[in-house]
Amino acid sequence: MSDQYGGAAPTPAPKKVTVPDLVAMKRDGKRITMMTAYDAAFARLVAEAGIDVILVGDSLGMVVLGYPTTVPVTMDDMVRHAAAVSRGATRPLLIGDMPFGSYQASPSDALRNAARFLKEAGMDAIKVEGGAEVVETVRTLTANGIAVMAHVGLTPQRVAQLGGFKVQAKTARAARRLIDDAVALEEAGAFSIVLESVPAPVAALATERLAIPTIGIGAGVDCDGQVLVLHDVLGLYGEFKPKFAKRYADIGAAVTSALRDFDREVREGSFPTDEHSFTMKESELLSLQRSLAQQKAS
Ligand code: KIV
């Protein structure tokens with residue numbers, strides 16, 4: 001392509017992914033990719049890979065902040081990290097995950113906290129966990145102009161109540177409840193829904209039933225899209241490896257190996273070499289040495 005003067009025209013910036021784009025992708029049978037990120041550096045890499053959606057997940061609590069569950073994560077934690085993500089990546093749709101306690105007390109509480117993601121952190125949308133019990137909240141948020149992604153199945157904020165990170169909706173009755181909840185969330189205005197740790201046939205039936213895209217994590221290949229936790233994908237989180245998490249690279253091992261090399265080179269005196277050191281003019285050095293010698297002699 002050339003511009004009006006015959007020179008090479010600048011490549012147009014890739015178009016921002018929007019909420020309607022995701023719904024259109026489902027309609028057009030195009031699969032959606034979503035990845036978590038928690039800081040500007042990784043957000044940039046996720047965007048460069050062409051991923052459609054970045055979720056600033058409350059998994060932050062486990063993979064970055066070192067908590068055993070997502071429960072202790074606060075709204076301030078989330079806003080701080082979400083703002084960093086939006087400084088690193090603009091093209092993907094950016095979603096802030098509402099942490100435990102930020103939306104359960106009342107829809108107005110939820111509205112106030114969700115607005116922080118949009119106003120202070122540059123997020124495009126938010127995500128809440130739960131089924132029928134959050135339908136009213138989803139209705140309030142969407143009625144007030146906030147795009148909401150829902151999340152059913154294994155909802156990690158309820159890990160104590162669920163008795164651990166277990167597969168959900170394994171009986172016909174529980175699966176029916178999950179699908180009914182998903183339909184109610186869609187009717188309340190959710191634009192998409194995460195299905196976590198549910199049998200693949202249940203996710204397939206939910207996906208068929210809904211007009212909004214389903215994003216699976218441990219929910220089989222028939223969802224409209226897939227999400228994984230970045231630190232699982234890159235081998236940066238060793239403590240807990242769910243069956244559904246695929247490690248595409250072992251960056252953790254590469255990091256340890258690089259740091260071992262640094263440790264050894266510093267101890268043996270082979271780092272830094274001249275390549276990583278600064279020099280000064282010979283005349284300045286001589287002058288410095290003379291002044292130090294004079295001081296010592298006096
Ligand atoms: O917090 C998170 O990372 C999530 C994804 C697992 C969907 O909710």
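The values are calculated or read from the model by the stated rules, or taken from the named source; none is laboratory data. Since this is a predicted model, take the numbers as computed values, not measurements. Note that we place each Cβ from the backbone using ideal geometry, even for glycine, and neighbour counts take in every protein chain shown. Surface areas here come from the heavy atoms of the whole protein model, side chains and all, with no ligands, DNA or RNA. Shrake-Rupley method; radii C 1.70, N 1.55, O 1.52, S 1.80 Å.
Restricting attention to segment 28-41 and to residues that are within 13 Å of the ligand (Cβ to nearest atom) and not β-branched (Val, Ile, Thr), the residue that is most open to solvent (accessible area, probe 1.4 Å) turns out to be 35.
A Cβ distance below 7 Å, combined with a sequence gap of six or more or placement on separate chains, defines the contacts here; from segment 155-184, residues that are under 21 Å from residue 244 (Cα atoms) reach residues that are of a type in the set (Asp, Glu) and in a loop (DSSP other than H, G, I, E, B) in the pairs 155/129; 157/129.
For residue 226, the conditions (1) under 30 Å from residue 150 (Cβ atoms); (2) without any contact (Cβ under 8 Å) to a residue 40 or more places away in the chain all hold with the exception of (2).
Residues in segment 42-76 that are without any contact (Cβ under 8 Å) to a residue 60 or more places away in the chain and crowded, with 18+ Cβ neighbours inside 10 Å: 43, 47, 51, 54, 60, 61, 73, 75. Does residue 165 count as among the aromatic types (Phe, Trp, Tyr) and at pLDDT 95 or above? In short, no. Tallying residues that are away from the ligand (no atom under 14 Å from the Cβ) and either over 24 Å from residue 168 (Cβ atoms) or open to solvent by 10 Å² or more (accessible area, probe 1.4 Å) (or both) within segment 94-116 yields 13.
Taking the stated definitions as given, is residue 182 small (Gly, Ala, Ser) and closer than 21 Å to residue 33 by Cα? Considered against the rule, which asks whether it is small (Gly, Ala, Ser) and closer than 21 Å to residue 33 by Cα, residue 182 comes out as yes. For the criterion of being open to solvent by 10 Å² or more (accessible area, probe 1.4 Å), touching a Leu at 6+ places or on another chain (Cβ under 6 Å) and either more than 16 Å from the ligand (Cβ to nearest atom) or not aromatic (Phe, Trp, Tyr) (or both), residue 86 passes.
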